[in-house]
Amino acid sequence: MLLHRIPDGVFDSLPSPLLEKQIEQPEGPDRIINTVSVLRRGPLSQRLSWGTPVSATDNELLTFHTTDYLQRLKESDKKGKYLSASTYLPAAGLETARLAAGAVLSALRYVLNDEGSMGYAMCRPPNHHAQPNMADGYCFLNGIGLAALEAIAQGYKKIAIIDWDVHHGNGTQAGLYHRDDILTVSMHMDHGSWGASHPESGNVDEIGEAAGEGFNINLPLPFGSGDQCYTAVFERCVVPKVREFNPDLIILANGQDANQFDPNGRQMVTMAGFYTMASTLRELANEVCGGKLVMTQEGGYNATYAPLCAYAVAAGLVGADLELKDPIAFYPEDSSRAQRDVQALINRHPLL
């Protein structure tokens with residue numbers, strides 16, 4: 001998965017003839033190399049075990065994705081192709097995407113087989129923007145959706161998906177929008193739709209359809225929300241809805257691009273904020289589903305700070321102290337604004 005390479009350009013756009021030097025696309029391998037490194041070298045190292053994932057098969061992919069889409073991926077895989085403005089599949093890159101999706105399924109099976117209560121899929125490309133018939137936002141295959149549907153097929157009655165990546169989990173929403181046995185909750189910056197490849201708005205009125213009405217919850221947050229807003233939304237909005245749903249398993253789309261130094265987000269969350277949310281999630285998982293939780297690596301594009309935030313999440317989930325000092329975080333005085341923003345969101349949301 002570290003070999004997956006996207007052409008340099010203007011951030012995540014095509015190269016500009018005006019620039020002498022283009023820059024590396026933000027969804028690069030360094031962020032994963034450093035995340036693995038901080039987990040292996042940090043104080044949690046003795047509390048973690050490591051495994052080797054297997055690639056997802058066609059039959060597994062077709063539980064979430066369409067036959068037509070998979071065929072288009074195979075055609076694009078021959079020479080490489082931009083599938084959206086920022087989403088490039090390099091030649092022979094489909095196998096990497098299969099392995100990334102398979103990593104999520106491998107983490108799920110680790111939990112389903114009672115080898116451990118939590119599994120973390122350290123994967124790239126990421127998952128949550130991949131829709132059943134469309135690639136988007138650096139994502140080609142949606143391991144989150146695949147894992148939720150496999151858990152249902154294996155006899156789990158209800159699955160809750162929590163997504164705190166800074167961007168709306170539109171692909172997961174699109175694939176599960178009509179289901180009442182899978183609750184999807186996405187808390188994200190209020191960026192709206194960014195075009196044809198991301199038609200969903202991520203707004204509060206997208207609540208599911210048919211049997212799924214009421215089982216899709218979007219929590220769009222103001223730019224620059226910060227630790228206190230994020231943790232308050234998680235405690236006041238996410239926790240009660242998941243507790244009410246009472247799932248048999250929780251899947252966490254764990255993006256760290258809400259951190260305050262991320263080039264691809266506009267939020268101000270620090271290591272401490274991620275640690276607090278993860279600690280709360282650990283208590284929630286223990287309460288509702290015996291601690292069973294599968295986590296996928298999503299966004300996070302500052303290759304030094306995002307891995308430290310991923311470490312903070314892991315520490316919170318295993319119930320360890322956050323022993324690593326935050327090297328660069330600024331803590332805004334946002335308490336009064338946070339409470340105002342959270343209450344405003346609750347007031348306008350049809351499901352809260």
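The values are calculated or read from the model by the stated rules, or taken from the named source; none is laboratory data. Computed from a predicted model, the values in this text were never measured in an experiment. Please note: Cβ atoms are built from the backbone with ideal geometry, for glycine as well, and neighbour counts cover all protein chains shown.
Structure notes:
- For region 255-277, filtering for residues that are in contact with a helix residue (DSSP H, G or I) (Cβ under 8 Å, 6 or more places away or on another chain) and over 17 Å from residue 221 (Cβ atoms) leaves 4.
- Of residues in region 46-62 being without any contact (Cβ under 8 Å) to a residue 60 or more places away in the chain and of a type in the set (A, V, I, L, M), the one surrounded by the most Cβ atoms within 10 Å (Cβ to Cβ): 62
- Close pairs (6 angstrom Cβ cut-off, 6 or more residues apart or separate chains): modelled with pLDDT under 95 in region 78-100, polar (S, T, N, Q) anywhere: 84/197
- Check on residue 22, out of contact with any Lys or Arg (no Cβ under 9 Å at 6 or more places or on another chain) and surrounded by 12 or more Cβ atoms within 10 Å (Cβ to Cβ): yes
- All positions within region 48-68 that are farther than 20 Å from residue 124 by Cβ and under 23 Å from the mean Cα position of the chain (by Cα): 49, 58, 62, 63, 66
- All conditions but one from (1) surrounded by fewer than 18 Cβ atoms within 10 Å (Cβ to Cβ); (2) in a loop (DSSP other than H, G, I, E, B) apply to residue 211; the one that does not is (2).
- Any hit, region 256-263, residues being modelled with pLDDT of 95 or more, among the polar types (S, T, N, Q), more than 26 Å from residue 179 (Cβ to Cβ) and touching an Asp or Glu at 6+ places or on another chain (Cβ under 8 Å): yes
- Taken as a whole, the structure leaves residue 43 outside the set of residues that are surrounded by 19 or more Cβ atoms within 10 Å (Cβ to Cβ), in a loop (DSSP other than H, G, I, E, B) and in contact with an Asp or Glu (Cβ under 8 Å, 6 or more places away or on another chain).
- Applying the set (1) buried (at least 22 other Cβ atoms within 10 Å of the Cβ); (2) small (Gly, Ala, Ser); (3) free of Cβ contacts under 8 Å to residues at least 60 places away in the same chain to residue 225 leaves exactly one unmet item: (3).
- Counting only helices (runs of 4 or more DSSP H) that sit completely within region 265-352, those holding 3 or more residues that are under 25 Å from residue 205 (Cα atoms) and in contact (Cβ under 8 Å) with a residue 24 or more places away in the chain correspond to 335-348.
- Leading residue by the ranking (nearest to residue 167 (Cα to Cα)) among those in region 268-299 that are surrounded by 24 or more Cβ atoms within 10 Å (Cβ to Cβ) and hydroxyl-bearing (Ser, Thr, Tyr): 296
Matching residues to (1) small (Gly, Ala, Ser); (2) buried (at least 21 other Cβ atoms within 10 Å of the Cβ); (3) closer than 23 Å to residue 121 by Cβ; (4) over 17 Å from the mean Cα position of the chain (by Cα):
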| position | (1), (2), (3), (4) |
| --- | --- |
| 234 | no, yes, yes, no |
| 238 | no, yes, yes, no |
| 241 | no, no, no, yes |
| 251 | no, yes, yes, no |
| 266 | no, no, no, no |
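- Considering 128, 168, the condition of being crowded, with 19+ Cβ neighbours inside 10 Å, out of contact with any helix residue (DSSP H, G or I) (no Cβ under 7 Å at 6 or more places or on another chain), assigned to a loop (DSSP other than H, G, I, E, B) and not polar (S, T, N, Q) is satisfied by 168 alone.
- Look at region 138-160: where a residue is surrounded by fewer than 24 Cβ atoms within 10 Å (Cβ to Cβ) and a partner is aliphatic (A, V, I, L, M), sitting 6+ places away or on another chain with Cβ atoms under 6 Å, you get 154/112; 156/249.
- Condition check for residue 65: in contact with a His (Cβ under 9 Å, 6 or more places away or on another chain) and either surrounded by 23 or more Cβ atoms within 10 Å (Cβ to Cβ) or assigned to a loop (DSSP other than H, G, I, E, B) (or both): no
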